[in-house]
Amino acid sequence: MISSRVPLLSLQQITKRFGAVEALVGVDLDVYAHQVVALVGDNGAGKSTLAKVISGVISPDSGLVEMDGVAQTISSPSAAHALGIATVFQDLALCGNLDVTSNIFLGRELTAGAFVDDGQMEQIARRLLRDLTSRIPSVRTSVSELSAGQRQAVAIARTLVGSPRLVVLDEPTAALSVAQTAEVLMYIERLRELGHGVILISHNMNDVRAVSDRIEVLRHGRNNGTFDAATASYESILAAITGATSPQDDRVRRVAAFH
Amino acid sequence: MSGSQSALREANRGLIIETVHRHGGLTQVELAGATGLSTATVSTIVKELLAAGVVDTRNTTRSGRRAQMVTIARRVGLAVGIHIGVRQLRVALGDATREVLAEQTLPLPHEHRMDTSLDRAALLVTELLERVGSSVDEVVGVGIALPAPVDAATGMISVRGMMSGWDEIHIGHVLSKRLGCPVFVDNDANLGALAESVRGAARFFRDSVFVRASYGTGAGIVLGSQVHVGFAGTAGEIGHVQVDPDGQMCRCGSRGCRDTVVGAAALTGALRETHGTLTLRDIVQGAIDGDPGCARVIAEAGSSIGVVVAGLVIALNPQVVVVGGELAETGEVLVAPLREAIRQRVLPNQIAPLEVVAAELGEGAEVIGALESVFRSTDFVARSADPLVMARDGEADD
């Protein structure tokens, strides 16, 4: 449970351009095991781009990616998966017509001989959902019948199938009711207790401050401040998001005084 | 053979009751999925439980089809218990049988704001009511537990600065306006004490002290089976006994209070050098998992709290000290040094030695106490909407 000194994932000087758009410019990010790191920022600040870099959907133009201190190239989502990185994107990518079990094992079905092992998958699905203390009544219901919060639970449970070490959640509480938000936040606490590293991308300062250990602010694709969630105030985080303050402020002032 | 058959049936029955409990309410088809039992078995057992008055069923629809919603049977009137803690909000619905029907916990940010937290509490209450197929009309009252001393007459926090931004706020008014029912506000240690004395570790004793070791430390005092809150609700605030005259300033305005020495900030601070940044929950989990550093700071907190509780024990002479709150989840890691510290300081008593035990209701104690306080404060039978149900209740009592 004690976070080791070598970060699980370390990103250094990640840069990504789309033509004239600077999506990410020299971004650093460290995530340790048993830690929830929140990534916050305005629309277009580069949060989702960074998530896509981590999950192998896009490759950075430059920068260093390390897992456990070893340099890695995450060239594809399956490479990310092999490294133990699991991502839940905003749209969840669930199949509404399939049941909970099929969704959890989609593309990774267990087999017994030549046949798909439904019983075994159902048992594991039930255990994963119980581990998350989820309230999904049945693993046999089709996903289209579940509430938004329950779908989020299925999407999170799916990431746990390959026993990942780092879970990336992109806006998991957007458009959820309070009770559903409460459940998702409890899942995040569970993931942390299970020893996973978690990257939580969210707009909601309340949710972010409730469950994360550290808050990283991105602004225009750049790091714009790091906060200890246990002590940081709303005001200081919002100031960093909106650009009222920046980490360079001190230096700017010093340089100005010098001239 | 028939013996194992009936044992199986009994186990299935238990499984169904437990599942309905966990979900609040769900249809028979969902029950089959959730338990892994066949729909026929579920249907048979639900019929039995319905006849025995354990569950209720009502018609509902699921994806356009008619379905039978199964809920735990409840007596007339629901109560709501809310515990607004330092880092989490817990809401529970209970009925007159003191059965908790539905429950939800929401993690809260550091120094969470009054307006947001009360708003979320109110929304959670309505959503939980929906979950068990009920509405605000059925609620007879709401009990709120706060980690601060509360003046019983006004329901307001009676010491400034205990919860930043919550001073001078009439919390009861804010929520009763939203939910349209009476709201009772009390200190969480007092409500924990009530719960433990009615249903927990102190239920066989008339005089008890409940120690709540959490982000801060508080105590609830039960004398002659009644909770003693004091004139302004500050009785038992052992977190604010001065232990170090040269210590740090406390949020209450005094210097060197117990909370500055064993509060969450002090415990996490003590481990920062060796363990990095931890939360209070991490320390508790670490102590349970046998981490020596975590266990050590909790044990030291235990003996330090015990010193102050000893004073309370000498003043009140209770039969039992019940230790609850997050730190008590470590069991004897906290309780053993706490017990030792008390025993060294109180008068040895030949008649019935003082017992120091861990709480039985765990982290649900405060909301259970809040539910209990609602039923004690309201005449809930008078609000029965259905005279037939009242009549049936009357017969059952005869």
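The values are calculated or read from the model by the stated rules, or taken from the named source; none is laboratory data. Keep in mind it's a predicted model, so treat the numbers as computed, not measured. Because the Cβ atoms are built from the backbone with ideal geometry, glycine has one as well, and the counts that use them run over all protein chains shown.
Take segment B:45-76 and flag every residue that is in contact with a helix residue (DSSP H, G or I) (Cβ under 9 Å, 6 or more places away or on another chain), surrounded by fewer than 15 Cβ atoms within 10 Å (Cβ to Cβ) and more than 11 Å from every other protein chain (Cβ to nearest Cβ).
B:GLU48, B:GLY53
Filter segment B:270-286 down to residues that are more than 10 Å from chain A (Cβ to nearest Cβ) and over 22 Å from the mean Cα position of the chain (by Cα), then give me how many there are.
The total comes to 3.
Can you tell me how many residues in segment B:137-157 are free of Cβ contacts under 8 Å to residues at least 40 places away in the same chain, in a loop (DSSP other than H, G, I, E, B) and surrounded by fewer than 24 Cβ atoms within 10 Å (Cβ to Cβ)?
3
Can you tell me which residue within segment B:101-130, out of those that are at the interface with chain A (Cβ under 7 Å from one of its Cβ atoms) and assigned to a helix (DSSP H, G or I), is nearest to B:ASP56 (Cα to Cα)?
Residue satisfying both the conditions and the ranking: B:LEU128.
How many residues are surrounded by fewer than 24 Cβ atoms within 10 Å (Cβ to Cβ), charged (D, E, K, R) and in a helix (DSSP H, G or I) when one looks only at segment B:179-209? Can you show your working first?
Residues of segment B:179-209 that are surrounded by fewer than 24 Cβ atoms within 10 Å (Cβ to Cβ), as a first pass: B:179-184, B:198-199, B:201, B:203-207.
Those left that are additionally charged (D, E, K, R): B:199, B:203, B:206-207.
Okay, now just the ones that are also in a helix (DSSP H, G or I), so B:199.
Counting residues in segment B:179-209 that are surrounded by fewer than 24 Cβ atoms within 10 Å (Cβ to Cβ), charged (D, E, K, R) and in a helix (DSSP H, G or I) gives 1.
Working carefully through the options B:LEU371, B:LEU334, B:LEU338, find the one that is crowded, with 20+ Cβ neighbours inside 10 Å and under 30 Å from B:GLY141 (Cβ atoms). Break it down stepwise before answering.
Working: B:LEU334 fails: under 30 Å from B:GLY141 (Cβ atoms); B:LEU338 fails: under 30 Å from B:GLY141 (Cβ atoms).
From the options B:LEU371, B:LEU334, B:LEU338, the qualifying one is B:LEU371.
Does segment A:149-206 hold any residues that are among the acidic types (Asp, Glu) and either crowded, with 23+ Cβ neighbours inside 10 Å or at pLDDT below 85 (or both), and which are they?
A:GLU183
If you scan segment A:31-79, which residues turn out to be among the aliphatic types (A, V, I, L, M), within 17 Å of the chain's Cα centre (by Cα) and over 18 Å from A:ASP170 (Cα atoms)?
A:ALA33, A:VAL65, A:MET67, A:ILE74, A:ALA79
Return the pair list, or none, for Cβ contacts closer than 7 Å from residues in segment A:239-251 that are within 16 Å of A:MET205 (Cβ to Cβ) to residues that are in a loop (DSSP other than H, G, I, E, B) and at pLDDT 85 or above, at least 6 apart or on different chains.
A:ILE241/A:GLY41; A:ILE241/A:ASP42
Answer yes or no as to whether B:VAL100 is in the same structural domain as B:ALA145 (by TED's automatic domain parsing), aliphatic (A, V, I, L, M) and either within 18 Å of the chain's Cα centre (by Cα) or crowded, with 18+ Cβ neighbours inside 10 Å (or both).
Criteria met by B:VAL100.
So which residues in segment B:228-243 are in contact with a strand residue (DSSP E or B) (Cβ under 6 Å, 6 or more places away or on another chain) and farther than 13 Å from B:CYS257 by Cβ?
Correct list: B:HIS228, B:ALA232, B:GLY233, B:ALA235, B:GLY236.
Of everything in segment A:101-148, what is surrounded by fewer than 18 Cβ atoms within 10 Å (Cβ to Cβ), part of a loop (DSSP other than H, G, I, E, B), under 25 Å from the mean Cα position of the chain (by Cα) and not small (Gly, Ala, Ser)? Give them in sequence order.
A:LEU106, A:ARG108, A:GLU109, A:THR133
Can you find a residue in segment B:131-145 that is more than 29 Å from B:THR97 (Cα to Cα) and within 14 Å of chain A (Cβ to nearest Cβ)?
So the first thing to find is which residues in segment B:131-145 are more than 29 Å from B:THR97 (Cα to Cα), and the list is none.
No: segment B:131-145 contains no residue that is more than 29 Å from B:THR97 (Cα to Cα) and within 14 Å of chain A (Cβ to nearest Cβ).
I'd like to know if segment B:18-39 contains one or more residues that are away from chain A (no Cβ under 14 Å) and either part of a helix (DSSP H, G or I) or touching a helix residue (DSSP H, G or I) at 6+ places or on another chain (Cβ under 7 Å) (or both).
Among the residues of segment B:18-39, not one is away from chain A (no Cβ under 14 Å) and either part of a helix (DSSP H, G or I) or touching a helix residue (DSSP H, G or I) at 6+ places or on another chain (Cβ under 7 Å) (or both), which makes the answer no.
B:GLU273: under 26 Å from B:LEU223 (Cα atoms), acidic (Asp, Glu), without any contact (Cβ under 8 Å) to a residue 40 or more places away in the chain and surrounded by fewer than 16 Cβ atoms within 10 Å (Cβ to Cβ), yes or no?
no
Looking at B:ILE351, B:ILE314, B:ILE305, can you tell me which residue is crowded, with 18+ Cβ neighbours inside 10 Å and assigned by TED's automatic domain parsing to the domain that holds B:VAL209?
Numbers: B:ILE351 fails: crowded, with 18+ Cβ neighbours inside 10 Å; B:ILE314 fails: crowded, with 18+ Cβ neighbours inside 10 Å.
Being crowded, with 18+ Cβ neighbours inside 10 Å and assigned by TED's automatic domain parsing to the domain that holds B:VAL209 holds for just one of B:ILE351, B:ILE314, B:ILE305, which is B:ILE305.
Could you go through segment B:72-83 and let me know if any residue there is assigned by TED's automatic domain parsing to the domain that holds B:HIS112, assigned to a strand (DSSP E or B), without any contact (Cβ under 8 Å) to a residue 24 or more places away in the chain and closer than 30 Å to B:ALA145 by Cα.
No.
Can you name every residue in segment A:171-206 that is without any contact (Cβ under 8 Å) to a residue 60 or more places away in the chain, more than 16 Å from A:ALA157 (Cβ to Cβ) and more than 8 Å from every other protein chain (Cβ to nearest Cβ)?
A:THR173, A:ALA175, A:LEU176, A:ASN204
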